[in-house]
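> Below is a structure I'd like to ask you about.
Nothing in this text is a laboratory measurement; each read-out follows from the coordinates by a stated rule. Owing to the predicted nature of the structure, the values given are computational and were not obtained by experimental measurement. So basically every Cβ, Gly included, is an ideal-geometry build from the backbone, and we count neighbours across all protein chains shown.
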């Protein structure tokens, strides 16, 4: 079970015009990161729950590993979502911490 994937620009947006997603990983557990999935379709089924059996529906293209105090930038027109390797490392009081910014092309 992983976080339901989403996009931040439409799939047909060219990379150079897409919103850029910038994440800085700030938790020291470093369990997982961000998954980028193959595909150019999505239905919004988050109402069924934030966690979803993603590997039954989506093909993982790559997982960008979460490393403390590192920054990753990728185009928002890619299907992506949070990825956790070991949920036992996190709890209600101690959850994954990331700084997220969206950079819009000029």
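> What order do you get for 38, 78, 62 when you list them from fewest to most C-beta neighbours inside 10 Å?
In increasing order of surrounding Cβ atoms, one gets 38, 62, 78.
> What's the exposure ranking of 57, 34, going from fewest to most Cβ atoms within 10 Å?
57, 34
> Would you mind ranking 9, 91 so that the residue whose beta carbon has the fewest other beta carbons within 10 Å leads the list?
Arranged by neighbour count, lowest to highest, 9, 91 become 91, 9.
> Could you tell me the calculated FRET efficiency between residue 6 and residue 87, based on Cβ-Cβ distance and R0 = 22 angstrom, to the nearest 0.05?
Taking R0 as 22 Å, the efficiency between residue 6 and residue 87 is 0.65.
> Kindly give the semi-axes, whole Å and largest first, of the ellipsoid equivalent to the chain, taking each as the square root of 5 times a Cα gyration tensor eigenvalue.
So the three semi-axes of the chain are 22, 18, 11 Å.
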